[in-house]
Structures are given as C-alpha cells and as structure tokens.
Amino acid sequence: MISSLEYNTERNQLVIPEYGRHIQKLVEHCRALETKEERNKMATAIIGVMGNLNPHLRDVADFQHKLWDQLFVIANFDLDVDSPYPIPDREELAARPARMSYPQKRPRYRFYGNNIQGMINVALGWEKGEKREALAYIIANHMKKSFLNWNKDSVDDAVIFKHLFELSEGEINLAAKEEDLLESKALIYRNTSTNRSNTNDNKRQHGKKNTRNNSSSSSNSNRRRRN
C-alpha cells in the first residue's frame, strides 16, 4: 500500500492548474487511445467535464472554442482528434502581446489633474454665449476645489481665473466678469457638514430609542412592584 503512494513532487507539472490533476490524467489517457474514433469520443467527454466547471458558460460558442483550445494546451498540442474549431498554434498562443504605450500627459498644473484640460477643450468647442460661460464657471469652481485639496489654505479667485486663462490659451477670461466663484468653505467643508448632519441624525434617533427603552423598562418595573 505504501509503495503505491504518489507524491506531487513525483508527478508531472499541471499545465492548467485550474482544471486539476484528474482532467490532465484524462487528457493523457485520451492521447494514449489507439483509434481516432475512441479519442474523439473521449475528447468530447472531457470537454463536457471541463464545461461543467463553468455551467453558465458551457453552451456559449466562444467558451466552447476556448475549452477546445485549452484541451490542446493540456495535451501539449499532441492530440490527434477532430476539433470543431481550428487547432491553436503553439507559437501564436505563446507570443507576447504588443506593448501598449503609456499615456504621457504632463499637465501644466498637476494639482488640477488631466481631466480639467479635457473639460476646457469641450468648453472651447461650444459657441460663445450663456451656456459656454456657465460651463466655464463650473470648470473654474472645480479647479478651485482641486486647488484647495492640494493646498488647504484659501485661494484667491484671481489665481483660478489666471490659470484658466492660460490653460484655455487666452480663450476663457473670467477675470473680466463681475461674478465670483464659490467660497472656499462651501467647496471644502460641504462633505464634512453632510457627514456631521448624518451623524447628528443618527444620534438623535439612537437617543429616541434609548428613551423609549428606558420608559418601557421603568413601566415594567412599576408593574412588578404593584403586583
């Protein structure tokens, strides 16, 4: 009995560990069959077992193609069966994908982020008028909020207007307008005040529950005393 034990260190390496040792042994047995008819029958059965591991995908055509490709990979591309799909090429599967170029964006003011420039470009594509001006003030307020996240001190609107003028290549000039941006407190502490109000509401509700529990417990104790 002990001599029949098999250790993982003595076994061949799993090609696709997700399918486990039994699937790999079935594939090896399929390769050893003498007739092609037997191998085709065995390969179809193995595909069915592999598909049972993902029952919600086993009937999808693309997934069936993937299963057959994985069957040939487990068989080390040495399996003479009739596949309903083109037999995969070893070199094609082993080929590394083309290297993707990393977007090298270097904004003039990094604390505003890369999306600000895209928003400004959209605004520049609109016709001049109230709609474009409203979008420009939205962008400026967002720039002010981003600036305050980077520097917690207050910032003058003139600085934001100057940066927006530079980023828009002189096309958007809010400094000439009389309208001011939102106050710094409204941009920084809006989320904080919301969280505080929610916390206070929870405390009030919790206090009401405690008051009800205390009143019910005191009434119960009074009834016991009477009895």
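Any read-out appearing in this document is the output of simple, stated calculations on the displayed coordinates, not a laboratory observation. Every value quoted in this text rests on a predicted model; they were computed, and no experiment measured them. Positions of Cβ are generated from backbone atoms using ideal geometry, with glycine treated the same way; all protein chains shown enter the neighbour counts.
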Subject >> J(HN,Hα) series, the stretch 43-53, from Karplus relation 6.51 cos²θ - 1.76 cosθ + 1.60, nearest Hz, glycine and proline x >> reply: 5, 5, 5, 5, 4, x, 5, 5, x, 5, 5
**OP:** Could you grab the relative contact order for the stretch 1-151? Cα pairs under 8 Å, six or more apart, rounded to a whole percent.
**Re:** 16 percent
Subject >> Label zone at Asp82, where the point sits 7 Å out along the Cα-to-Cβ direction: the stretch 49-70 residues whose backbone N lies under 17 Å >> reply: none
**OP:** May I ask you to derive the FRET efficiency for Gln117 and Val73 from their Cβ-Cβ distance with R0 = 35 Å, giving the value to the nearest 0.05?
**Re:** 0.15
**OP:** Can you grab the distance from the C-alpha centre of the stretch 125-164 to the C-alpha centre of the stretch 26-48, Å, no decimals?
**Re:** 68 Å
**OP:** Please sort by residue number the trypsin sites (Lys or Arg not before Pro) in the stretch 138-179 whose DSSP state is loop and whose Cβ has at most 12 other Cβ atoms within 10 Å.
**Re:** Lys152, Lys177
Subject >> trypsin sites (Lys or Arg not before Pro) restricted to the stretch 1-103 and DSSP loop, no more than 11 other C-beta within 10 Å >> reply: Arg11, Arg99
Original post:
Under 16 Å from a point 7 Å along the Cα-to-Cβ line of Ala186: which residues of the stretch 122-137 have their amide N that close?
Top reply: 134-137
Subject >> Pairwise label distance in nanometres, Glu92 with Val49, each label 7 Å out on the Cα-Cβ vector >> reply: 2.8 nm
**OP:** Give Lys36/Lys66; Lys105/Lys128; Lys105/Lys185 a once-over and call out the pairs whose C-alpha atoms are over 24 Å from each other.
**Re:** Lys105/Lys128; Lys105/Lys185
**OP:** Identify the GluC sites (Glu not before Pro) of the stretch 1-92 meeting these criteria: DSSP loop state and at most 10 other C-beta atoms within 10 Å of the C-beta.
**Re:** Glu6, Glu34
Original post:
What is the spin-label model distance, in nm, from Asn8 to Phe63 if the labels are put 7 Å beyond Cα along the C-beta direction?
Top reply: 2.8 nm
Original post:
At what distance in nm do the modelled label points of Lys41 and Glu28 sit from each other, each positioned 7 Å from its Cα along Cα→Cβ?
Top reply: 2.3 nm
Original post:
Roughly what % of Cα-Cα distances in the stretch 1-68 sit above 13 Å, to the whole percent?
Top reply: 70 percent
